[in-house]
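The values are calculated or read from the model by the stated rules, or taken from the named source; none is laboratory data. The structure presented is a predicted model; accordingly, all values stated were derived computationally and were not measured. Every residue, glycine as well, gets a Cβ built from its backbone with ideal geometry; the counts of neighbours run over all protein chains shown. Surface areas here come from the heavy atoms of the whole protein model, side chains and all, with no ligands, DNA or RNA. Shrake-Rupley method; radii C 1.70, N 1.55, O 1.52, S 1.80 Å.
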Amino acid sequence: MMEAFYTGVVKHRKLMLGLFSVCFIACLFMYQLVSVNYDMHDYLPPDASSTVSLQVMQEEFDGGIPNARVMIRDVTIPEALEYKERIRAVQGVQAVTWLDDAVDITTPMAMLDPAVVEGSYKDGTALLTVTIHKDYRIPAVNAIREIIGDDNAMTGSAVSTAVATTNTVSEIKTITVAGVSFAFLVLLLTTTSYLEPVIVLLGLGIAVIINNGSNLIFGEISFVTNAAGSVLQLAVSLDYSVFLIHRFEECRRQIKDVDAAMVQALCKSTTSILSSGLTTVIGFLALILMQFRIGPDLGLALAKGVVVSLITVFLFMPAFILSCCKWLDKTRHRPLMPSFKGFGRAVRKLSIPMICVFVLLIAPSYLASNANRYYYGASRIYGEGTTYGRDKAAIEEVFGQRDTYVLLVPKGSSATEASLSEALGALPQVSSVISFVDVAGAEVPPEYLPPATLSLLQSEHYSRFVITVAADYEGDATFRLVEEIREIADRYYPGATFLAGEAVSTYDLMDTVTADMGKVNLLAIGAVFLVLLLTMKSITVPIILVLSIETAIWMNLAVPYFAGSTVYYIAYLIISSVQLGATVDYAILMTDRYKENRASLRKRDAVVQTLSDVMVSILTSGSVLTVVGLLLGYLSSNKLLAQLGVFIGRGALCSLAIVLLVLPGLLNVFDKFIMRKNHREANRHA
């Protein structure tokens with residue numbers, strides 16, 4: 001049946017080329033319509049406390065949550081008020097609050113509470129709190145920058161999101177060009193035709209564009225998917241085309257008819273490519289279980305990308321390769337890579353010491369990988385080497401670390417609101433509280449306040465408290481403060497309050513992603529194990545392969561612990577599934593070739609021959625994945641994406657080391673169990 005199917009594909013090659021050309025052109029246009037979301041907090045689960053709070057606030061109030069701070073140096077109070085009005089007039093700015101919203105600035109400064117004043121105005125420097133609508137972040141941030149000039153500073157989630165949107169687009173182009181160029185160079189070295197790299201990359205390019213264009217079915221994708229999706233698909237799927245083209249060359253040496261040779265190559269490579277692809281898809285699909293919705297966003301896009309790549313390899317690539325067969329032959333060159341038999345003999349000699357080192361590394365790598373320190377939110381994704389990082393440091397130097405929370409309570413009792421405001425103000429980290437009772441007093445009727453002011457502080461059902469805190473956007477102290485404010489509010493209004501803000505969302509993010517870790521890893525490991533069990537028809541092989549790649553993952557994630565660096569939890573969470581899905585292919589290919597060689601060779605010779613057979617294919621894919629990951633790591637100004645890239649690159653190196661140096665020895669040691677079905681036949685060659 002398989003042979004008949006592939007015969008039909010080869011026979012109707014023009015139809016295949018036409019269909020893929022139409023899909024490519026359509027998806028090229030569709031890709032331009034896919035929107036990208038750069039705000040991590042939008043991916044919190046819908047039932048997260050901060051998400052529900054934001055929804056209620058949007059329904060009740062016109063203004064959103066303050067999401068930017070603007071610092072203006074060398075200004076008087078009247079000049080600061082003038083800047084405030086100019087910023088308020090910017091399209092997309094929903095609200096601007098400053099000192100005049102907390103105290104009566106006509107009162108002499110010496111008579112005002114210094115703690116309140118210095119939170120907004122200090123040494124001739126004003127700090128304004130701004131609320132920017134999420135649909136206008138980029139133009140509004142650019143307009144505010146024009147108003148205040150480069151000598152002043154601005155920070156906050158709206159600013160970092162705008163910066164991420166602008167920077168990431170240009171960085172992705174650079175990373176993609178560099179990644180494709182490196183892949184071309186590697187293919188040039190590892191193939192035997194000057195045209196072969198072009199054929200492989202064109203086929204992959206078609207698969208990547210089809211996948212990117214079909215992301216339109218999701219409406220929008222996350223910035224993580226947009227940044228990492230294409231390069232990961234390129235690196236992960238490269239080996240499928242390489243496996244096929246190498247098999248085709250092998251079959252051509254035995255079969256003169258190129259059509260028959262291609263059918264034979266497809267039949268021989270289908271099991272390896274499909275099992276590799278299926279385990280990769282499952283590894284990525286495990287991310288769907290994450291409550292934090294960047295996981296499902298990335299997992300679905302990557303899994304779909306691998307499926308598209310597999311379809312392209314089995315339907316488009318045979319037609320494309322056969323159409324270019326004459327030119328492939330004309331552009332032949334001598335092999336540029338060695339046979340690697342010397343490397344195979346060295347690995348065979350060192351197999352027992354390598355296995356011992358591997359066993360010794362398992363426990364410490366696992367323990368260290370689970371003992372890292374983490375960042376959960378987006379507050380530290382730009383370092384001091386960037387404009388955003390410098391602005392953030394400049395504001396903190398003058399005013400310290402500050403954030404703004406918004407609390408909604410049921411409207412009705414001014415006395416209860418006054419007591420709540422007093423309790424919140426008593427917290428040492430709280431710099432100011434702005435609410436109806438703070439601005440007007442508990443005895444003043446609402447109708448006596450200006451409508452513009454009243455609309456910011458009261459709605460039909462709720463009173464709104466704007467709380468300025470001297471605290472970082474995340475960390476143990478910040479998370480304890482969020483818990484304290486929630487407990488105080490709940491004491492006055494049990495089960496009826498809503499708290500929101502960047503730190504509040506980050507607290508919920510921390511709660512969500514830490515709960516995701518165990519189930520995502522367990523499902524990924526269990527599903528890959530099950531696929532290997534069904535395809536390999538052995539219990540020993542899945543245990544060896546999964547343990548090998550999982551140890552490589554633990555080694556990768558143990559590096560930050562021993563280096564004393566802090567890990568972005570989202571990168572930590574994603575890499576486990578990505579590295580498992582992306583590199584288990586190498587172990588599968590190694591095992592399949594070992595079993596194939598073992599049918600005619602002694603086990604010692606089978607190790608050497610297997611390494612000689614698979615080294616080029618594994619090194620091609622592994623080196624591209626390594627370099628693409630490191631390019632993302634060192635070219636991205638977004639530190640979360642950069643760390644994810646470093647994890648991908650270093651993880652590929654760890655997996656390569658274990659697959660090439662340790663796995664051959666494990667296959668040798670457990671040969672009796674691996675070759676159980678063929679044991680009698682194998683013994684004749686032993």
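Annotations
- Of the helices (runs of 4 or more DSSP H) entirely within region 277-353, those holding at least 3 residues that are touching a residue at least 60 places away in the same chain (Cβ under 8 Å) and buried (at least 22 other Cβ atoms within 10 Å of the Cβ) occupy 294-311, 317-323.
- Leading residue by the ranking (farthest from Gln264 (Cα to Cα)) among those in region 1-44 that are in contact with a helix residue (DSSP H, G or I) (Cβ under 7 Å, 6 or more places away or on another chain) and loosely packed, with under 13 Cβ neighbours inside 10 Å: Leu33
- Hey, Thr155 farther than 25 Å from Val469 by Cα and out of contact with any Pro (no Cβ under 6 Å at 6 or more places or on another chain) or not: no
- Val559 meets all of the listed conditions (1) modelled with pLDDT under 90; (2) in contact with a Lys or Arg (Cβ under 7 Å, 6 or more places away or on another chain); (3) of a type outside the set (D, E, K, R); (4) open to solvent by 10 Å² or more (accessible area, probe 1.4 Å) but one, namely (1).
- Thr514 in contact with a helix residue (DSSP H, G or I) (Cβ under 8 Å, 6 or more places away or on another chain), surrounded by fewer than 17 Cβ atoms within 10 Å (Cβ to Cβ) and not aromatic (Phe, Trp, Tyr): yes
- Residues satisfying the stated conditions in region 177-207, i.e. in a helix (DSSP H, G or I) and at pLDDT below 85: Thr190
- Inspection of region 138-158 finds no residue satisfying the criterion of being in contact (Cβ under 8 Å) with a residue 24 or more places away in the chain, over 30 Å from Asp403 (Cβ atoms) and open to solvent by less than 20 Å² (accessible area, probe 1.4 Å).
- Residue within region 267-276 that is farther than 20 Å from Phe24 by Cβ, at pLDDT below 90, of a type in the set (A, V, I, L, M, F, W, C) and assigned to a helix (DSSP H, G or I) present: yes
- Taken over region 503-542, the residue count meeting the criterion of being in contact with a Leu (Cβ under 9 Å, 6 or more places away or on another chain), in a helix (DSSP H, G or I) and closer than 21 Å to Asn668 by Cβ is 4.
- Taking first residues from region 426-450 that are closer than 30 Å to Gly400 by Cβ and modelled with pLDDT of 55 or more and partners that are acidic (Asp, Glu) and buried (at least 18 other Cβ atoms within 10 Å of the Cβ), the Cβ contacts under 8 Å between residues at least 6 apart in sequence or on separate chains come to Ile434/Asp101; Ser435/Glu417; Phe436/Glu417; Val437/Glu417; Val439/Asp101.
- Subset tally (residues that are hydrophobic (A, V, I, L, M, F, W, C) and either in a strand (DSSP E or B) or closer than 27 Å to Leu644 by Cα (or both)) for region 381-397: 2
- Scanning region 608-630 for residues that are farther than 25 Å from Thr192 by Cβ and surrounded by 23 or more Cβ atoms within 10 Å (Cβ to Cβ) yields a count of 1.
- Considering region 164-189, and only residues there that are open to solvent by 20 Å² or more (accessible area, probe 1.4 Å) and within 17 Å of Thr626 (Cβ to Cβ), the residue that is nearest to the chain's Cα centre (by Cα) turns out to be Thr176.
- Any hit, region 484-496, residues being within 27 Å of Arg380 (Cβ to Cβ) and either part of a strand (DSSP E or B) or of a type in the set (Ser, Thr, Tyr) (or both): no
- The criterion of being among the acidic types (Asp, Glu), touching a helix residue (DSSP H, G or I) at 6+ places or on another chain (Cβ under 9 Å) and modelled with pLDDT under 85 does not hold for Asp613.
- Scanning region 461-507 for residues that are of a type in the set (D, E, K, R) and surrounded by 24 or more Cβ atoms within 10 Å (Cβ to Cβ), we see that the one that is farthest from Ser435 (Cα to Cα) is Glu474.
- Some residue of region 632-648 being open to solvent by 30 Å² or more (accessible area, probe 1.4 Å) and out of contact with any Phe, Trp or Tyr (no Cβ under 9 Å at 6 or more places or on another chain): yes
- Residue in region 398-407 that is open to solvent by 20 Å² or more (accessible area, probe 1.4 Å) and part of a helix (DSSP H, G or I) present: yes
- Counted residues, region 57-87 - those being open to solvent by 10 Å² or more (accessible area, probe 1.4 Å), under 18 Å from Thr404 (Cα atoms) and either at pLDDT 90 or above or touching a His at 6+ places or on another chain (Cβ under 8 Å) (or both): 2
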